[in-house]
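Note sheet for the following structure.
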Amino acid sequence: MAVDLHRFANPTRFLRLVSAIFPWAAGLTVILLGTGLYLALFVSPEDYQQGDTVRIMFVHVPAAWMSMGVYTMMAVSAAVGWIWKHPVADLSGKAAAPIGACFTFLALVTGSLWGQPMWGTYWVWDARLTSMLILFFLYLGYMAVWESFDDQSKAAKAAAILVLVGAINIPIIKFSVDWWNTLHQPASVATMEGPKIHSSILTPLLVMGVAYLSLFTTIFIVRVKAEILDRRLRIMQVNALQE
Amino acid sequence: MTRKRRRLYFVLAGMSVLGLAAALVLMSFEDSLVFFRSPSDLAENPIPAGRTFRLGGLVAEGSVVKDGVEIRFVVTDLAETVPVRFRGLVPDLFREGQGVVTEGRMDENGVFIASNVLAKHDENYMPPEVAESLKEAGHWQDGKEAEASD
């Protein structure tokens, strides 16, 4: 396993792999996003309490999953980049961050729009909402750190420290609704007793989840290719100056 | 020890120390991170009249009385109860048996004067027909009691 991953630390091999995946990821995104939205908006039933407003969930919940998933992936990349000095790992985190930040922003905005009709407020400072806002700032901070160094290896190191320290926030977000009383309801899908959502609502939600994952993969491939090529360009420029 | 190995241990040790520190901080903050207090919390540690805080629980069955713009109800956690008075609009989800979080203060008579009422919904999602058949089959209270007990 480890040996296989080391193989793809070679940027050329990594580029070849992601280029092969790209059309499949893009096609899957179109199909799943179309199917998911159709199921979510037209096929899935109303909720017994929330009526049609529950449909916001199909956009909100997968965005929140992705915001935490992408951050976790960035934290793993940062650790790998730090320990084994694989430049592809550093660049993966850099490429993923703005996409993760967008998912976090989407989760915050749709959550707020959902909160107003259901709870009666756009925002409260409970543990779940606050820890999600902190996650958004962590993404912004990570992106700012990358931009504030000219030396890319120094930037990678500083960004890795930030993202690893901030990783503490991920379990806090997940368990905030269990550890403290919050306005936000407890977990509905990933619980010890299994999902608490009726299958007619759960299925579209899971389709949307996979659709978001393919959307992330598609955009990530474009961005990580650009980052690797950008890094090569910098090296060529430095070499040209030295000659 | 190779440099890779040393960096690996450094990251692992760093993350463990950070995790421990975060856990200690969160444990010491536990009381101040409370978003709302339940009627049982209030029975144990009464809050002096006039101080603003949030009270949360279920709206007791049969307790809602509408009197013009004023609405009176009782918040319960199935152990203790607190009477609440509120002037204003309640959210759509507000109803008997529903979770609520109210913000306000106690008056001298032990009545909670709410300035704001928010509705809480639970983690269950289902179509109305399924909710109906659950009620008919008598399994309805299972979820509600679980929610009220935490």
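No lab work stands behind these numbers, since they all come straight from the coordinates. Predicted model only: the values in this text are computed from it and were never measured. Ideal geometry is used to build each Cβ from the backbone, glycine not excepted, and the neighbour counts take in all protein chains shown.
What's the average, rounded to a whole number, of partner chain beta-carbon atoms within 10 Å of each residue's beta-carbon in A:125-137?
Details: counts 1, 6, 4, 1, 1, 2, 0, 0, 0, 0, 0, 0, 0.
The shielding value for this peptide is 1.
Indicate the gyration tensor shape class of chain B (rounded, prolate or oblate), computed on the Cα atoms with a ≥ b ≥ c the square roots of the eigenvalues: a/c under 1.5 is rounded; otherwise a/b larger than b/c is prolate and the rest oblate.
The shape class here is oblate.
Report relative contact order for chain A in percent, whole number only (criteria: Cα-Cα under 8 Å, sequence separation at least 6). Walk me through the intermediate numbers first.
Numbers: 245 pairs, mean separation 75.3, N = 243.
That works out to 31 percent.
As an exercise, identify the GluC sites (Glu not before Pro) in the range B:1-97 lying in DSSP coil whose Cβ has no more than 15 other Cβ atoms within 10 Å.
On the way: sites: B:Glu30, B:Glu44, B:Glu61, B:Glu70, B:Glu80, B:Glu96; in loops: B:Glu30, B:Glu61, B:Glu80, B:Glu96.
Loop-located and lightly packed - B:Glu30, B:Glu61, B:Glu80, B:Glu96.
For the range B:10-20, just list the computed ³J(HN,Hα) in residue order, Karplus coefficients 6.51, -1.76 and 1.60, θ = phi - 60°, integers in Hz, with x standing in for Gly and Pro.
Going residue by residue, I get 4, 5, 4, 5, x, 5, 5, 4, 4, x, 5 Hz, with x marking Gly and Pro.
Quick one: pull the percentage of alpha-carbon pairs in the protein assembly as shown with a separation above 38 Å.
Within the protein assembly as shown, distances greater than 38 Å cover 32 percent of Cα pairs.
What 222 nm value per residue comes from the helices of chain B, counting each DSSP H run with n ≥ 4 as -39,500 (n - 2.57) and dividing by all residues, nearest 500 deg cm²/dmol?
Result for chain B, helices only: -10500 deg cm²/dmol.
Ratio of Rg to Rh for the range A:21-242, alpha carbon only, Kirkwood?
Value, to two decimals: 1.02.
Rounded to the nearest 0.05, what FRET efficiency is calculated for A:Ile31 and B:Leu18 with R0 set to 25 Å and r the Cβ-Cβ distance?
With a Förster radius of 25 Å, E is 0.05.
Which of A:Ser200, A:Ser131, A:Ser92 moves most in a GNM of chain A, Cα contacts under 10 Å?
Among A:Ser200, A:Ser131, A:Ser92, the largest mean-square fluctuation in the Gaussian network model of chain A belongs to A:Ser200.
Testing the spin-label approximation: label points 7 Å from Cα along Cα→Cβ at A:Arg16 and A:Asp52. State their distance in nm.
Distance between the two pseudo-spin positions: 5.3 nm.
Could you state the principal axis extents of the C-alpha atoms in the range A:1-101, from the largest down, to the nearest angstrom?
Computed over the range A:1-101, the largest-to-smallest principal extents equal 52, 26, 25 Å.
What order, most packed first, do the peptides A:105-116, A:139-150 have when packing is the mean number of other Cβ atoms within 10 Å of each residue?
A:105-116, A:139-150
Could you check the spin-label model distance between B:Arg5 and B:Ala137? Points 7 Å from the Cα along Cα→Cβ, value in nm.
Reported label-point gap for B:Arg5 and B:Ala137 is 5.8 nm.
Once you place label points 7 Å from the Cα toward the Cβ at A:Val165 and B:Met27, how far apart are they in nm?
Going from the A:Val165 label point to the B:Met27 one covers 2.3 nm.
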